[in-house]
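The values are calculated or read from the model by the stated rules, or taken from the named source; none is laboratory data. In this text, all values refer to a predicted model and were calculated from it rather than measured experimentally. Note that each Cβ is placed from the backbone with ideal geometry, even for glycine, and that neighbours are counted across all protein chains shown. We work out accessible area using only protein heavy atoms, side chains counted, and drop any ligands, DNA or RNA first. Shrake-Rupley method; radii C 1.70, N 1.55, O 1.52, S 1.80 Å.
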Amino acid sequence: MVMIMQFNFNSAEPLYLQVAEQIENAIFLGSFAAKEQIPSTTEISRDFQINPATVLKGMNILVANGLIQKKRGLGMFVLEDAQEKIRTKRKDQFFQDYIVKMVVEARNLGLDQATIQSLVERGFTQE
Amino acid sequence: MTEVTLNQISKTFGKQTVLKEISFQLKPNTIYGLLGRNGAGKSTLLNILTNRIPASSGEVQIDGQSNINNDAALGKIYLMSEQNLYPSRMKVFQIFRQTALFYPGFDFELAHQLTAKFGLNENLRFSRLSTGYHSILKDIIALSVDADVVLLDEPTLGLDANHRELFYQELMETYADRPRTFVISTHLIEEIAGLIENVLLIKDGNLVLNDSTENLLARSYAVTGPEKQVQEYTKGLNVIGHDSLGKLRSDYVFGKLDDERILPDTVSVDGIDLKKLFINLTNRESEVH
């Protein structure tokens, strides 16, 4: 599991949020499947040299978001509908995460709407 | 669980004051980073904590008891330092046995596991070990003693990248198995940035920061953009340093930004990492507020 996750210690983003995001991404991509156990706090802490309190804080975000569940004495498990929840969330955020940024950059570059639309079309035909 | 309290610790060598009225408390089961530039007084502080040298004034309390000539109190605390305190002819396994006389709970099983992982031959004499293996041996001892508070002064001195990573992994593993307090003093800040929960920063003998890593980074910013607009935006804020490239400028701000101010489109605000914060806080001219 060593290369499944990557943390950026130089990032402005707090480490516990990176932990939450990395695990979320692994669930989204199916690396951690529904009902399966995810690596323990200790494993992640050890493998990436992150304070266990930080790892736990990240995991607790996922618990609060209904993606993973703690089974007492066993560890953390991916909930049945976790992947679907992430998909829904990412769809909701797609406009903000990708379109808004693209339009800002397009304006900076002086690319008009028609050009962007043709680029989007090209993107879809290029598989 | 052991609590260590420093009250107004000062240390002078001749006319030179090395530590000035340092007070703080080490919380149980917490990993601290003790940071400071060369000569800031870090090693002196660690030596005073373990009663290897006396303070000029002030006192160290371990679970409410003075640490001076107090074997019971000092048995709860262990210092791994750059100094080599072992007879050169003593073999590695003999050093473990000797350590166990002072720390009866010494974990021989863990020590053996670690010598295997690090490739350290227990039959070698201390004098035959390289600088890196001197550090490795002392690190193994530090992780194997049953002290509640373990102080690590430059634990990765002379270690290659692989061994540094292995050491920090083993540190996290043993911390999970048996939570206790660690104080790590190192110049390789980026390597411990993720694992220290709390930062103690010493500058010119003063303790200038004692806060959680998360809190510190949450109020550290880089304001970047055209020189003039950046300086307008950061005017009156606690700017601890800057970098310039032509007319482009980054001002590093430690503390609150002014929410009332309008951020120009050309100026961006980002966070900074612990190393950048450290460098800017410990430059000669900057002051911590």
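Scoring residue A:90 on the criteria (1) basic (Lys, Arg); (2) touching a strand residue (DSSP E or B) at 6+ places or on another chain (Cβ under 9 Å); (3) in a helix (DSSP H, G or I) leaves a single failure, condition (2). Taken residue by residue, region B:84-103 has at least one member that is without any contact (Cβ under 8 Å) to a residue 60 or more places away in the chain, in contact with a Leu (Cβ under 9 Å, 6 or more places away or on another chain) and assigned to a loop (DSSP other than H, G, I, E, B). Checked against the criteria, residue B:56 does not count as under 30 Å from residue B:121 (Cα atoms) and among the hydroxyl-bearing types (Ser, Thr, Tyr). Assess whether residue B:9 counts as being closer than 14 Å to residue B:205 by Cβ, in a strand (DSSP E or B), open to solvent by less than 60 Å² (accessible area, probe 1.4 Å) and free of Cβ contacts under 8 Å to residues at least 60 places away in the same chain. Criteria met by residue B:9.
Among all residues of region A:8-16, there is none that is within 23 Å of residue B:214 (Cα to Cα) and touching a Leu at 6+ places or on another chain (Cβ under 6 Å). Being open to solvent by less than 50 Å² (accessible area, probe 1.4 Å), of a type in the set (S, T, N, Q) and away from chain A (no Cβ under 14 Å) is a description that does not apply to residue B:69. All but one of (1) open to solvent by 30 Å² or more (accessible area, probe 1.4 Å); (2) in contact with a strand residue (DSSP E or B) (Cβ under 6 Å, 6 or more places away or on another chain) hold for residue B:282; which doesn't? Failing condition for residue B:282: (1). Within region B:249-279, if we keep just the residues that are surrounded by fewer than 16 Cβ atoms within 10 Å (Cβ to Cβ) and of a type in the set (Asp, Glu), the residue that is farthest from the other protein chains (Cβ to nearest Cβ) turns out to be B:260.
With respect to (1) more than 27 Å from residue A:18 (Cα to Cα); (2) among the hydrophobic types (A, V, I, L, M, F, W, C); (3) open to solvent by 60 Å² or more (accessible area, probe 1.4 Å), the lone exception for residue B:208 is condition (3). Restricting attention to region A:42-54, does a residue exist that is touching a Pro at 6+ places or on another chain (Cβ under 6 Å) and not assigned by TED's automatic domain parsing to the domain that holds residue A:116? The answer is yes, given that some residue of region A:42-54 is touching a Pro at 6+ places or on another chain (Cβ under 6 Å) and not assigned by TED's automatic domain parsing to the domain that holds residue A:116. Residues that are touching a residue at least 60 places away in the same chain (Cβ under 8 Å) and of a type in the set (A, V, I, L, M) were ranked within region B:111-151; the one that is surrounded by the most Cβ atoms within 10 Å (Cβ to Cβ) is B:151. The number of residues in region B:72-85 being open to solvent by 40 Å² or more (accessible area, probe 1.4 Å) and more than 17 Å from residue B:1 (Cα to Cα) comes to 4. Of all residues in region A:88-123, those satisfying the criterion of being basic (Lys, Arg) and either touching a Cys at 6+ places or on another chain (Cβ under 6 Å) or surrounded by fewer than 10 Cβ atoms within 10 Å (Cβ to Cβ) (or both) are A:91, A:122. Going through region B:25-78 one residue at a time, which ones are farther than 24 Å from residue B:143 by Cα and outside any loop (DSSP other than H, G, I, E, B)? The answer is B:57, B:58, B:59, B:65, B:66.
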